[in-house]
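Read the structure below first, then the notes.
The values are calculated or read from the model by the stated rules, or taken from the named source; none is laboratory data. Everything numeric in this text was worked out from a predicted model, so none of it was measured. Don't worry about glycine lacking a Cβ; one is built from the backbone with ideal geometry, like all the others, and counts go over all protein chains shown.
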Amino acid sequence: MKTKAHLSRKSSEITPFYFIYFNEMALRLDCAEVIWYAQNEGALPLRFLLKLVIFFCIAFIFSGTRAGLFVAAQGGGEMEGKIIKLPEPAHKGSVSLEEAINRRHSVREFRKEELTLNEVSQLLWACAGRTFDSVTGATRTYPSAGGLYPLEMYLAAGDVDGLAAGIYHYLAGEHALTLEHSGDVRRELAHAALGQFFIAEAPASIVISAVYERTAMRYGERGRIRYVHMDAGHAAQNVYLQAVALGLGTVTVGAFDDERVKKVLRLTRGEPLCIMPVGKPR
Ligand SMILES: Cc1cc2nc3c(=O)[nH]c(=O)nc-3n(C[C@H](O)[C@H](O)[C@H](O)COP(=O)(O)O)c2cc1C
């Protein structure tokens, strides 16, 4: 576990505030008080220091027990709920952005070849991974209205080197997967997607789902019917472009039976928005 903690300047001169990241979790603490006390009192009051201690304790406990909580919640097999760290994603590549945009198209025919764990790692990172920009405070590879991040990404893996077939949940903060359910669901998923059988032929599919309340809580109906879907579109395009850069192909599949997809993926929260089968183009 990383124990790196850092403070970073976020905003304007008039109302400065800071973000605190701990263990690369998306926990944020508004620290406008720090500036005020440092400038006016030259020291921090005990009350504020106490707040910080409580924050770090919660962040530490939360990150340390997450694996255990998942296992308890699933009550499943030995691997289910365990956190599987993904290889570090590359932040530089050999295909230019212009080339990737120019070559992007939907791919629906896949070779019977497995994906590597590095490829899966890179695709999930591009889709929804963590970034850190100390100037803008951006924390993900895609923009999200209000920084509320209503999307949850899943991987339905069937033929991935180093990954047992199953349904995985992507943890952006840890750049890791948790196995939610064992077994190859690709055929079931293809049936749920109204018989689009290329989903069963692709070695894996990324599923973008949304917990609407996260955005609707702040933006109401506008958030629900517009912003969440805009977020998803941005994340999906990242997958398209990353696939091109890796010599892979994908397609956004939006035509499916919502309830059947939820059942196949055992989704206990959120709504599936699109299924993106990925593999080597035929
Ligand atoms: C919201 C959305 C839903 C889509 N649903 C499907 C689908 O269910 N099945 C499919 O084969 N393609 C689907 N597509 C892919 C489009 O058919 C495709 O993007 C379009 O034909 C343009 O082709 P191109 O992506 O190769 O440029 C979808 C695309 C979007 C953006």
- Given the conditions (1) of a type in the set (D, E, K, R); (2) within 16 Å of the ligand (Cβ to nearest atom); (3) not in a loop (DSSP other than H, G, I, E, B), report the number of the one that Glu188 does not fulfil. (2)
- Message: Based on this model, can you work out whether Gly93 counts as under 27 Å from Gly270 (Cβ atoms) and part of a loop (DSSP other than H, G, I, E, B)?
- Response: no
- For region 102-143, what are the residues that are within 16 Å of the ligand (Cβ to nearest atom) and over 16 Å from the mean Cα position of the chain (by Cα)? Asn102, Arg103, Arg104, His105, Ser106, Val107, Arg108, Glu109, Phe110
- Of the residues Val244, Val261, which is within 17 Å of Glu119 (Cβ to Cβ), in a helix (DSSP H, G or I), in the same structural domain as Glu113 (by TED's automatic domain parsing) and within 12 Å of the ligand (Cβ to nearest atom)? Val244
- Query: For residues in region 144-163 being in contact with a helix residue (DSSP H, G or I) (Cβ under 8 Å, 6 or more places away or on another chain) and part of a helix (DSSP H, G or I), which is farthest from the ligand (Cβ to nearest atom)?
  - Reply: Gly146
- Residue list for region 164-184, filter: surrounded by fewer than 23 Cβ atoms within 10 Å (Cβ to Cβ) and either within 12 Å of the ligand (Cβ to nearest atom) or closer than 24 Å to Pro281 by Cβ (or both): Ala165, Asp184
- Message: Which pairs turn up if I take residues in region 196-223 that are under 21 Å from Val239 (Cβ atoms) and in a helix (DSSP H, G or I) and look for partners that are of a type in the set (Lys, Arg) and at pLDDT 95 or above with beta carbon separation below 6 Å, at least 6 apart in sequence or on another chain?
- Response: Phe198/Arg108; Ala200/Arg186; Ala200/Arg187
- Task: Might you check whether a residue that is within 21 Å of Arg226 (Cβ to Cβ) and either part of a helix (DSSP H, G or I) or not assigned by TED's automatic domain parsing to the domain that holds Leu273 (or both) occurs anywhere in region 122-143?
- Result: yes
